[in-house]
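See structure below.
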Amino acid sequence: MIRGLSILVIDDNKIRASIIEQGLRDAGHDRVILVHQMDGLVRQIADINPDVIVIDLENPNRDQLEHMFQVSRAVRRPIAMFVDKSDSHSIEAAVDAGVSAYVVDGLKRERVKPILDMAISRFRVFSKLNEELEEARSELADRKTIDRAKGILMKSKGLSEQEAYDLLRRSAMNQSRKIIEVARSLVIASGLLED
Amino acid sequence: MDKSLTPVIAGFIPLLDSAVLVAAAEMGFAEEEGIALKLVRETSWANIRDRIAVGHFDVAHMLAPMPIAASLNLTSLAVPMLAPMLLGLGGNAITVSTGLWADMAAAGADTGGDPASTGKALADVISNRRAKAAPLLNFGVVHPFSGHAYELRYWIAAAGLDPDSDVEITVLAPQIMADALATGQLDGYCVGEPWNTAAVAAGTGRIATYKQAIWPDSPEKVLGVTRKWAEANPQTLAALLRALSGAAYWCASAENVEKLAGLLSRADTLACPIEICLPALEGSMRLGRNTMKQVPDFLTFSGGAQMAPMPAHGKWFHEQMVRWGQAERSEDATAEVARIFSPDIYLSALGLENVPRDASIRMFDGRNF
């Protein structure tokens, strides 16, 4: 049996790193090591002697890492995943997802490709989760803004809550704008008038 | 956003010499030329290289040697590129730890940053250390294919040292340099501003010399563009170059320096205090705790012919690549480098004629290139 590949995941984001680790383990890779910080990385990489290195693109230390691969005698020379131009689809997918990978020279593509695909898909899942979280946050903020706008109308025009909302909706329709935009303008304008 | 504007996406690294791109996007120069310039901040030169190669970016703020390294296939994701415009001259310095500076000062280093004098002092210090079997001094640069690497190596070699065996040179991200100096991980580094001023202000570093003294008026960053994009979008590129030239004039004007420092200190650009951004922009450098020096051309932006790339610039960078074993010398490579640094696209976009193209390069040690 071929011994499994050892995979080093360098990611400051611990949650994302563990999502990737879990994915790789589920796929049968049991030699996955996570690193969150760059201190002493050369020594760590020499000790771990990984076959594949996965790193997030937000990491400011990629230049350092690539340089180290070129000059260090302590580590086997990993090369960028995508030296083969025919891989342009994978390259784009990886960069889009925000991940980069390096493999030890001489490893067969077929053995490494699934690992990269896994990293790409897990990075995507993570950024989708993040986006949903952001959306949920901004939805909440929007609802608060609309509530404030309603409150302003109720107070200044003596309307009920439903009447205030209807007025916002009618104004939005008449101006071909979204309710949230009208509400925002109203909140800003009333802030200005108060000063 | 006005729909009639042509979108151009530019990657940049948070350094002072991203100023021309930032000013073009923020001060209306791009819009005037019909361009909606969108800036995307990046965290590493490797990301800039990868994202321009896959087409995420149309153009990018790049280290001058990067388009050469990409075109000569010396890096991964290498694609043929051009450097149609310089984005700044000078702007780098070599900072050493206060401990190393004390030794260099004792060896007679010039306090005003003269590279011949400080280089000689460094050689004396290293010779003493060797006699005591002290470990090699460790210097940092931001990228193997960078003006920083070549300036540091040139300075060290001009003092009679071998940068490959008399010191260690490692690569670190610019924003990490000052901390690495403070913790003793580095003894010195060559980096663009504001990361030298940051170490001097923190009391952990001393500027030993600077790019303007090593190679006066030399290109540092360039606008990088893939040849494919340049050929597919000649009019957009020409309009962008005019916009950037206008922005460079604006950046060069002394009356705009506070406003520029304000733009650059913003959270979405450099996220750095104004007082750390200002010295290099004003040419008023604090070399050490008690040493101020006026270096009016420390970092220069200027529109017009001064920002035209010249084959001689490319040749100098390529010579250094060959000198330090990164590239082979060949007729093909020489011709390719001259194409990458050709001023033609820029000068014709600006309608500039009769600009002399025989830029001569004179280094601090008297060597001409």
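Structure summary
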quantity: Separation in nanometres of the label points that stand 7 Å from Cα toward Cβ, at residue B:36 and residue A:175; calculated: 2.2
quantity: Student exercise, the protein assembly as shown dipole from Lys, Arg, Asp, Glu Cβ charges, in Debye to nearest 20; calculated: 700
quantity: Cα-based shape type of segment A:136-194, given that a ≥ b ≥ c are square roots of the gyration tensor eigenvalues and the cut on a/c is 1.5; calculated: rounded
quantity: Between 0 and 90°, nearest 10: helix A:88-97 axis offset from chain A longest Cα axis; calculated: 50
quantity: Residue-wise HN-Hα coupling along segment A:103-118, computed from phi with Karplus coefficients 6.51, -1.76, 1.60 (Hz; x: Gly, Pro); calculated: 10, 5, 4, x, 6, 6, 3, 4, 6, 9, 3, x, 5, 5, 4, 4
quantity: Cα-Cα over 24 Å, subset of B:221/B:259; A:14/B:38; B:211/B:315; B:38/B:228; A:113/B:221; calculated: A:14/B:38; A:113/B:221
quantity: Helical segments meeting 15 Å axial Cα length and Kyte-Doolittle 0.0 threshold in chain B (DSSP H); calculated: B:234-252
quantity: Under the Karplus curve 6.51 cos²θ - 1.76 cosθ + 1.60, θ = phi - 60°, whole-Hz ³J(HN,Hα) for segment B:81-93, x wherever Gly or Pro sits; calculated: 10, 10, 10, x, 7, 7, 9, x, 10, x, x, 9, 8
quantity: Long-range HN-HN contacts of residue A:9 with modeled amide H, under 5 Å; calculated: A:33, A:34, A:35, A:54
quantity: Dipole in debye (nearest 20) - chain B, about Cα centre, beta carbon charges: Lys, Arg +1; Asp, Glu -1; calculated: 400
quantity: Linear extension gain, residue B:4 paired with residue B:348, 0.36 nm per residue minus alpha-carbon span; calculated: 121.4 nm
quantity: Prolate/oblate/rounded call for segment A:7-131, Cα gyration tensor, a/c under 1.5 rounded; calculated: rounded
quantity: For segment A:136-194, size of Cβ-based charge dipole, Lys and Arg +1, Asp and Glu -1, in debye; calculated: 100
quantity: Segment residue B:235-residue B:312, extension gain: residue separation times 0.36 nm, minus the distance between their alpha carbons; calculated: 25.1 nm
quantity: Global form of segment B:92-214, assessed from the alpha-carbon gyration tensor, a/c cut-off 1.5; calculated: rounded
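Bear in mind that the values in this text are calculations on the coordinates, not laboratory data. None of the values given here were measured: they were computed from a predicted structure. Note that each Cβ is placed from the backbone with ideal geometry, even for glycine, and that neighbours are counted across all protein chains shown.
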